[in-house]
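Report on the structure given below.
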Amino acid sequence: MDKQEFPQDFMWGGAVAAHQLEGAYQAGGKGLSIADVMTLGSHGVPRKITDGVVDGEYYPNHNGIDFYHRYKEDIKLFAEMGFKCFRTSIAWTRVFPNGDEAEPNEAGLQFYDDLFDECLKYDIQPVVTLSHFEMPYHLVQQYGGWRDRKLIDFFTNFATVCFKRYQHKVKYWMTFNEINNQTNYEDGGSAYTDSGLLFKPGEDKEKGMYQAAHYELVASAKAVQIGHQINPDFEIGSMIAMCPIYPLTSKPADILFAQRAMQTRLWFSDVHANGFYPQWLLNHFDRKQFNLDMTTEDMAILKAGKVDYIGFSYYMSFAVQDTGKLEYHENQDRVANPYVEASEWGWQVDPIGLRYALNWFTDRYHLPLFIVENGLGAIDEKTADNQIHDDYRINYLHDHILQMKKAVLEDGVQLLGYTPWGCIDLVAASTGQMSKRYGFIYVDVDDYGQGTGNRYRKDSFYWYRDMIATNGAEIN
Ligand code: BG6
């Protein structure tokens, strides 16, 4: 890897999501999103989903880091690091406060015009996710979230408005963030954040999840078609949570089970990229007698709306052992991998797994890839003189970028860019904590929203800036 650089057009940047940093949850006519009714949790303590906003509860996303008012200052800092791109999402509820209106909210649209203009001022390309764990709460209350086919029209209407409005400002889009997290439908959390599903007692959760996911995939494919009609230069991708799942041993039964676990987690990208369902899953639906609402027309839409690239997040890998059945239930079936270490939040850190993932996606889909999230959530200490010595984050990023470099330069993987997660500290999605920090920029806000809100450059800020300036040449 001696002094070799990444390709000249490689997009270095950072990633965030609207609901995790914007705050201002009612400004400019914004409606309530599903994130606005999630309380603060912690490692091992899930966030509560309340019935509307309840007095006396604390909702971290209501304030975020007040990016809504401070974005100019933050983008200036991203520019100082040399970002070529900035991944964020458009809060659906700023544009359609309830989600089912016919006409959009101009104030919400204007906010993103201003935000994208500010990025473009510094030659930072916005990379935009349409739905990132922040669908309108009204759609959950009124329609039961994505279990209702009507959501396809609501979403495609939202997508169409965004595509038309920002067609000259945004080229790279993604439809649904980590659409495949709902594989973990059993505990309810991911099915809620992905699809707005709140399960009723006695409901067949698995069937509910598959039905919702099907409607989302159809909506995604429709959006891809619409987007390409509006601007043929658009690149519209999937967004998949990639966690490679290894067999714990070389026992054939472990290997077969690991393969099924990967299929279970990643069939979503099969549909996005191939335009049809894998046969093992159709057989599974039949065996379970789900009788899902999947029409011939839906299948034609999936085929016609294949994604242009695979965007994915990468944080960790899992391991599994044969359980004697060929159905994977992630929360129960994961076992600790003795060869990798875990973060303070129990996420198994595995840089080599990133190279594995890049090769796996390439071999399977033959599409360009985009790493749109990767990073280390950790507790940072700010010293009395406002320094943050986060060498652990630098090491983490270095090790992952090295594997990425090998995949690009040695294996020939076509990688568009790299946007580490939470390039500025923000509210954690799983726990709602501010103290689980990912950023290059420290934000003086605690778990309860207390603090000055001031921004401070961490050591990793300077490291990442220099790494971008040398285009990865020093990563060896
Ligand atoms: C991904 C999400 O799951 O991981 C982000 O797309 C999220 O929204 C990120 O913030 C890190 O997870 P967490 O729970 O540490 O914020």
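The values are calculated or read from the model by the stated rules, or taken from the named source; none is laboratory data. This structure is a prediction, so every number in the text was calculated from the model and none was measured. Ideal geometry is used to build each Cβ from the backbone, glycine not excepted, and the neighbour counts take in all protein chains shown.
Summary table
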| quantity | calculated |
| --- | --- |
| Output for the range 403-423, where each listed residue is surrounded by fewer than 24 Cβ atoms within 10 Å (Cβ to Cβ) and among the β-branched types (V, I, T) | V408, V413 |
| The range 365-378, residues that are touching a strand residue (DSSP E or B) at 6+ places or on another chain (Cβ under 9 Å) and surrounded by fewer than 18 Cβ atoms within 10 Å (Cβ to Cβ) | A378 |
| Residue that is farthest from G311 (Cα to Cα) [pool: residues in the range 400-424 that are away from the ligand (no atom under 16 Å from the Cβ) and part of a loop (DSSP other than H, G, I, E, B)] | E410 |
| Within the range 240-345, strands (runs of 3 or more DSSP E) holding 2 or more residues that are within 30 Å of K222 (Cβ to Cβ), within 16 Å of the ligand (Cβ to nearest atom) and among the small types (G, A, S) | 309-314 |
| Candidates T362, T295, T383, filtered to the one that is free of Cβ contacts under 8 Å to residues at least 12 places away in the same chain and either touching a helix residue (DSSP H, G or I) at 6+ places or on another chain (Cβ under 6 Å) or closer than 27 Å to T175 by Cβ (or both) | T295 |
| Single unsatisfied condition, Y68 versus (1) in contact (Cβ under 8 Å) with a residue 60 or more places away in the chain; (2) crowded, with 21+ Cβ neighbours inside 10 Å | (1) |
| Candidate set from the range 428-446 (those that are within 13 Å of the ligand (Cβ to nearest atom) and more than 18 Å from A241 (Cβ to Cβ)); member that is surrounded by the most Cβ atoms within 10 Å (Cβ to Cβ) | G439 |
| Residues of the range 386-405 classified as touching a residue at least 60 places away in the same chain (Cβ under 8 Å) and farther than 13 Å from I475 by Cβ, total | 7 |
| Among the residues listed as L358, L354, L397, the single one being modelled with pLDDT of 95 or more, in a helix (DSSP H, G or I) and touching a His at 6+ places or on another chain (Cβ under 9 Å) | L354 |
| Residue under evaluation V372, criteria (1) touching a Gly at 6+ places or on another chain (Cβ under 7 Å); (2) part of a helix (DSSP H, G or I), criterion not met | (2) |
| Cross-chain or 6+ apart pairs with Cβ under 6 Å, the range 408-432 first and closer than 25 Å to G41 by Cβ, then more than 16 Å from the ligand (Cβ to nearest atom) and polar (S, T, N, Q) | none |
| Some residue of the range 182-199 being within 24 Å of Q125 (Cβ to Cβ) and either surrounded by fewer than 18 Cβ atoms within 10 Å (Cβ to Cβ) or touching a residue at least 12 places away in the same chain (Cβ under 8 Å) (or both) | no |
| Candidate set from the range 117-146 (those that are within 30 Å of V53 (Cα to Cα) and among the hydroxyl-bearing types (S, T, Y)); member that is nearest to the ligand (Cβ to nearest atom) | T129 |
| Single match in G29, G14, G44, G23 (criterion: surrounded by fewer than 16 Cβ atoms within 10 Å (Cβ to Cβ), in contact with a helix residue (DSSP H, G or I) (Cβ under 7 Å, 6 or more places away or on another chain) and either in contact (Cβ under 8 Å) with a residue 60 or more places away in the chain or not aliphatic (A, V, I, L, M) (or both)) | G29 |
